[in-house]
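Contents: one structure, followed by commentary.
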Amino acid sequence: MKLIKDVVIIGAGAAGMMCAIEAGKRGRSVLLLDHATKLAEKIRISGGGRCNFTNLYTHPENFLSDNPHFCRSALARFKPQDFVSLLKKHDILYHEKKLGQLFCNDSSQQIINLLQKECNAVNVAWQLSSRVERIDRVNISGEGDSHDQQFILRTDRNTITAKSLVIATGGLSIPQIGASAFGYRVAEQFNISVTSLHPALVALTFRPEDLTHYAEMSGISIDAVISCNGASFHENILFTHRGLSGPAILQISSYWSPGDAIHINLLPQYAITDILSEYKHSAILLTNLLARYLPKRFVDTWSQVMLQTELNPMKPMKQYSDNELNGIVEHLQNWKITPSGTVGYRKAEVTRGGINTRELSSKTMETSKVPGLYFIGEVIDVTGHLGGFNFQWAWSSGYAAGQYV
Ligand code: FDA
């Protein structure tokens, strides 16, 4: 069977569906193709099943990229409010959880239904459970004009020709629900460079020697400030049976590279130096004093770790020298730890790195080397912070390409 379309979009996730809607509105015949049996599984599982679909305070500074300005144009043309308008049109109720993060009141399935309805309204065709086996770019006029080029896709069930090919296959995270390296392989085929890829928004693991000390703390959550490579986040950290997780750790993981230490301030909201000075002549045990500001279970385990250093944390406050108190402050407000790695793509929310943005037009998402070939969404080297920014990038980049395909 042979299909002829104006636009084929590979990847029926967030970016792919947004692009299909916009191209369909322009009267383009669009086919959305995906190898999964179900649409947009990542939207379904996102935000704990309620999809943190955007962030009201989206700025280019919320995104990492080798080319930090690339995302500006697309974000300016399709803003968080534009997606919110879509929710209002479909009577989907939502709320702000914190820090501008918008979630559905009910279920992330509502976002999938919204996108599907918008696609159907502009006659987007679907081809799910389908594998692309080969992509060729051929000249239909026999002359050298790039406008006469088209793509021929051979899939496990048909051959499709299209003038525009959009790659919206996302990143490598969660292969269990369909993530694949397809987008990067297409880039390689057309000689388009890809920046180095890393799991991001991901939990970090302890080195074996740290694990023996800190595994006891599994389940403890502490409000902290985490810093690494010039970035800093103030949110919760969570001790796990393998290392550290929680929003602050997920955020900093995007800035972390193997071998880097992270710095943790476990008492960011307290002037701990002043507190220790105030009790300097008191008989209260340091551990009892600290347990007023930190979870007791944390203080107990931390004390055991400290006992193995020259700092004994079990003494009455009046027995500490100024030097010792400074050492304690340093341990609590500038705890340095070097993770052994991350828990990897099976658990990461996103992939950092991707299609080199210098290969793409920031206006259209089209590649300069191969006219007619577009990349959108997470497959590009644009990675958002935690908090709805990655979906906003999917909507904005999908919208941008949708105006030109
Ligand atoms: P996306 O991954 O959505 O879609 C890619 C599509 O391509 C999939 O349908 C896949 O099946 C298909 N595909 C892959 N390989 C293919 C192949 N070889 N052939 C055909 N099709 C192929 N972000 C956020 O802003 N707020 C949030 O709440 C969350 N929560 C969240 C939770 C979890 C557990 C994860 C893993 C991720 C998030 N994210 C998030 C991140 C967000 O889900 C992600 O950034 C976007 O879904 C990216 O959208 P894309 O459309 O680019 O890819």
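The values are calculated or read from the model by the stated rules, or taken from the named source; none is laboratory data. Remember, it's a predicted structure, so these values are computed and weren't measured experimentally. Glycine gets a Cβ as well: all are built from the backbone with ideal geometry, and neighbour counts include every protein chain shown.
In region 334-389, how many residues are more than 9 Å from the ligand (Cβ to nearest atom) and more than 11 Å from the chain's Cα centre (by Cα)?
Number of matching residues: 36.
Is it the case that some residue within region 93-101 is in contact (Cβ under 8 Å) with a residue 60 or more places away in the chain, part of a strand (DSSP E or B) and touching a helix residue (DSSP H, G or I) at 6+ places or on another chain (Cβ under 9 Å)?
Yes.
In region 263-293, which residues are closer than 17 Å to LEU244 by Cα and out of contact with any helix residue (DSSP H, G or I) (no Cβ under 6 Å at 6 or more places or on another chain)?
Within region 263-293, HIS263, ILE264 meet the criteria.
How many of the residues in region 168-203 are near the ligand (Cβ under 7 Å from one of its atoms) and surrounded by 21 or more Cβ atoms within 10 Å (Cβ to Cβ)?
6
Here are ALA14, ALA23: which of them is at negative phi, among the aliphatic types (A, V, I, L, M) and near the ligand (Cβ under 10 Å from one of its atoms)?
Checking each option against the conditions leaves just ALA14.
Could you tell me which residue of region 308-340 is nearest to PRO268 (Cα to Cα), considering only residues that are among the polar types (S, T, N, Q) and part of a loop (DSSP other than H, G, I, E, B)?
The selected residue is ASN334.
Which residues, counting only those in region 243-264, are surrounded by fewer than 19 Cβ atoms within 10 Å (Cβ to Cβ) and more than 21 Å from VAL382 (Cα to Cα)?
GLY259, ASP260, ALA261, HIS263
Which residue out of LEU311, LEU325, LEU386, LEU360 is without any contact (Cβ under 8 Å) to a residue 60 or more places away in the chain, touching an Asp or Glu at 6+ places or on another chain (Cβ under 8 Å) and hydrophobic (A, V, I, L, M, F, W, C)?
Just one listed residue meets the conditions, LEU311.
Mind checking which residues of region 53-63 are surrounded by fewer than 22 Cβ atoms within 10 Å (Cβ to Cβ) and in contact with a Gly (Cβ under 8 Å, 6 or more places away or on another chain)?
Within region 53-63, LEU56, TYR57, ASN62 meet the criteria.
Quickly run through region 26-37 and pick out the residues that are more than 6 Å from the ligand (Cβ to nearest atom), of a type outside the set (A, V, I, L, M) and within 22 Å of ASN158 (Cα to Cα).
Scanning region 26-37 gives ARG28, SER29, THR37.
On the given criteria, is PHE206 away from the ligand (no atom under 11 Å from the Cβ), modelled with pLDDT of 95 or more and surrounded by 12 or more Cβ atoms within 10 Å (Cβ to Cβ)?
Yes.
For GLU359, indicate whether it is buried (at least 19 other Cβ atoms within 10 Å of the Cβ), at pLDDT 95 or above and touching a Lys or Arg at 6+ places or on another chain (Cβ under 8 Å).
Spelling it out, GLU359 is indeed buried (at least 19 other Cβ atoms within 10 Å of the Cβ), at pLDDT 95 or above and touching a Lys or Arg at 6+ places or on another chain (Cβ under 8 Å).
Filter region 121-161 for residues that are at pLDDT below 95, of a type outside the set (D, E, K, R) and part of a loop (DSSP other than H, G, I, E, B) and give the result.
Of everything in region 121-161, those that are at pLDDT below 95, of a type outside the set (D, E, K, R) and part of a loop (DSSP other than H, G, I, E, B) turn out to be ILE140, SER141, GLY142, GLY144.
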